[in-house]
Structures are given as structure tokens and as C-alpha cells.
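Structure record follows, encoded as C-alpha cells.
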Amino acid sequence: MPALAPWLSGTAAAFSAALAAGRLPGSVIITAASGLGVEALAAHCARLFLCQSRAQGEACGACPSCQSLNLHGTHPDFMAALASTREEAQQGHDLTPSLSAAVENAGLASLDTGGQARAIRIDSLRALSGWLREGSAMGAGKVALIANAHLMAAQAANAILKTFEEPPRGTLVIMTAKGLSSLLPTIVSRAFKLQVPLPARAAALEFLAAEDPARAAVALDLAGGAPLLAQDLMARGVDLGARDLIASLCGAINGERGQEMAFAAKVRELGAADHGRTAVMVLSYIIREALKAKAGGAAPALLGQAAPVLIGLRAAALMAAHGALPALMAVPPQQDPRAPLAGAISLINTLVEGKGQ
Ligand SMILES: [Zn+2]
């Protein structure tokens, strides 16, 4: 069984204690920020619930249920509804019946700046609800996972309300979400609620165990303190790209020769693999931090020498620039190579208008 990341263990223990004490209602909501590995935690909880001979709050690893998960990564009594990617939605595949696929796919919305995660389909939830009402194949209950439950539209959530009102015996619905506010109050009130804490910065940096601590610090800043997201950003070199992006943006605002083009090139480079999403994430972070620093907060180390330049801009210009960020993603770069460039220049112009006299 894969070991849980250290910051997930407390939440796992709380689930395990409630399960052992028979205090678990028919549904559990686990809230967590992106990049904390909530999918792995949900899989851990499902595995524990389905185990036929739990001991000391751990799945045994040897019963038919655990074996099914260990050998095949699937289980006849486990099903997941996931918010699908655009591609999956087009193909109509957003009900994935396997645990391994659930864990793999649930990482989809880890960077949700661009709203790429799609709503959970009402058909998927109806199918899931109907499936829960059928008997358990292995006789140890059933688990339905609704990953990114905050993406359930109210209409879709209503379709499964009956399942929450009268959960079939021995079934558990596990929902993961960014927060509780976008879930129907009826669903929230009936569920056992768990929240994954953000690990302390020192612990997160220790987990990243990077050869270059400065890179790890930058990635962790960009990831909002979430270590798995930081790891992903480092693997993609986003932290290094972000430094260059900030330097060229600062140069462009100062009117330095060639920096406009350098900035546009960096935007395109950072966003090449994901239609601009990463570039927008980084720029959104920079602008939000500059606004916070204007309001008296400390500027993160990542801003470096650009900090006074960005903080010196008028808040209205920073906010306008932030509002214009989605334009950088509007056109996939491969369709029109000039599009992100135009967006980048327009962004610089918006910021330059915010310069003081
Ligand atoms: Zn077992």
C-alpha cells in the first residue's frame, strides 16, 4: 500500500477513528487545497472501509477486498464520479469505475486557474446513486467517490440527494472538495467533515528535499504551500520560468529595450504545454502578491527586484491586468501563434498605465 504523505496522516487517523467507533454517517466530505494529494487520502479511506479485517485502524492488505485493490487496482464495490477534462467530456467518458484511474484522474484539477475542470455530469451521479443501491459484490459494503464535488452543479447534486437522505446500508459516499461553501447545505449537514491542513512551510520544504532549496521555496510559493503541486511545478521547470517571467515583466514595465518581446516569449514558453494555463497561474500569483504587499503584506522572495516596481503600480491597474489574464489563454497557441503575444503586450500596457507620475 502506498504510504500517505505526512500531512495526510492526521486526517486519515480521524477517519479511521470515526469508522472504528461506528460514528461514520453515510457520507464523508474531505476538503483540501489543490496539490495536497486528497485523492490518495480518499483512496486510503475507501480501502480501509472496504477491508474485511481491519486492524488498528489499518487495512489488512490480505483479505479478498484488499487483494483485489492490490492486484488489479480495481474493486467491484468501488466506483468514482470525476469532473472530466474537456477531452473526456467530448468522448462521454466521465464515469471511471476503477480506483487507480480515480486516483490518477483526480489530479486533473490540480491547477484550476483556467477553469479547465468540467462540471460533474448529472448522468454520472445518477448512475453512481443507482449503483450504490445494488448489493455489495464482496459483502463488505460499497464506496462511491465523488472527486472535486465542488464541481457538482446544484441540479446534479439534487439528483443524488435521495442517496444522502437514505444511504443504503453499508455504503459510503466520499466526496473531495476545495471547500464546503459550493456544496448543497443538505449534503454538508449530513456528512462527516474532514479538512486536510496545509503543512507547515518547513515540513513542506523538507518533503520536497530539493537539491536547490531556493527553487523549492519558489515552487512552494507558487503552489500556495501545497507540496505535491510544488513538486509538479519544479518537475516542469515552472519555478525557473517564473523567475525569468517576472524579471522580463519588470524590465518591460520600466521600458527597457527588448523586454516586451522577452516577456511575450516567456509567456508563450511557460504556457506552451497547457494553452497558457501555467503562465496565467504565475502571473496571477505575482499580481495578487503585489496587491497584498500594497496593502501592507510582505512581498514574497520570488518577486525579488521586481517587487518595488510592481508594488509601485496603482492597484486599479494591477486589478485590470489580473482581470485581463484569461485573454492569454483564450486562443490555443498552436492555432494562432500571435495571439498570446498580443495578450502579453496588452497586459504590459495595462500595467504601465498604472505607473505613478
Ligand atoms: Zn483487508
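Observations, loosely collected:
- Check on Ser68, modelled with pLDDT under 90, open to solvent by 10 Å² or more (accessible area, probe 1.4 Å) and closer than 16 Å to Met175 by Cβ: no
- Subset of segment 117-137 [open to solvent by 20 Å² or more (accessible area, probe 1.4 Å), in contact with an Asp or Glu (Cβ under 7 Å, 6 or more places away or on another chain) and at pLDDT below 85]: Arg121
- Among (1) within 23 Å of Met281 (Cα to Cα); (2) modelled with pLDDT of 90 or more; (3) small (Gly, Ala, Ser) - the single one Ala214 does not satisfy: (2)
- When Ala242, Ala262, Ala219, Ala272 are checked against the criterion of being surrounded by fewer than 22 Cβ atoms within 10 Å (Cβ to Cβ) and modelled with pLDDT of 90 or more, Ala262 stands alone in meeting it.
- The sole residue among Leu313, Leu302 that is out of contact with any Ser or Thr (no Cβ under 7 Å at 6 or more places or on another chain), within 15 Å of Thr350 (Cα to Cα) and in contact (Cβ under 8 Å) with a residue 60 or more places away in the chain is Leu313.
- Being closer than 16 Å to Leu283 by Cβ, touching a Leu at 6+ places or on another chain (Cβ under 7 Å) and outside the structural domain of Val38 (by TED's automatic domain parsing) is a property that holds for Asp221.
- When Asp77 is tested against (1) within 14 Å of the ligand (Cβ to nearest atom); (2) modelled with pLDDT of 90 or more, exactly one condition is not met: (2).
- Failed criterion for Leu48 (all others in (1) within 16 Å of the ligand (Cβ to nearest atom); (2) modelled with pLDDT of 90 or more; (3) crowded, with 24+ Cβ neighbours inside 10 Å hold): (3)
- Residue in segment 17-24 that is within 16 Å of the ligand (Cβ to nearest atom) and part of a helix (DSSP H, G or I) present: yes
- On inspection, Ser27 fails the criterion of being open to solvent by less than 10 Å² (accessible area, probe 1.4 Å), in contact (Cβ under 8 Å) with a residue 24 or more places away in the chain and within 11 Å of the ligand (Cβ to nearest atom).
The values are calculated or read from the model by the stated rules, or taken from the named source; none is laboratory data. It should be emphasised that the depicted structure is a prediction, and the values quoted were computed from it without experimental measurement. A quick note on method: Cβ atoms are made from the backbone with ideal geometry, for glycine too, and the neighbour counts reach across all protein chains shown. For the accessible areas, the whole protein counts, side chains as well, though only heavy atoms, and no ligand, DNA or RNA atoms are used. Shrake-Rupley method; radii C 1.70, N 1.55, O 1.52, S 1.80 Å.
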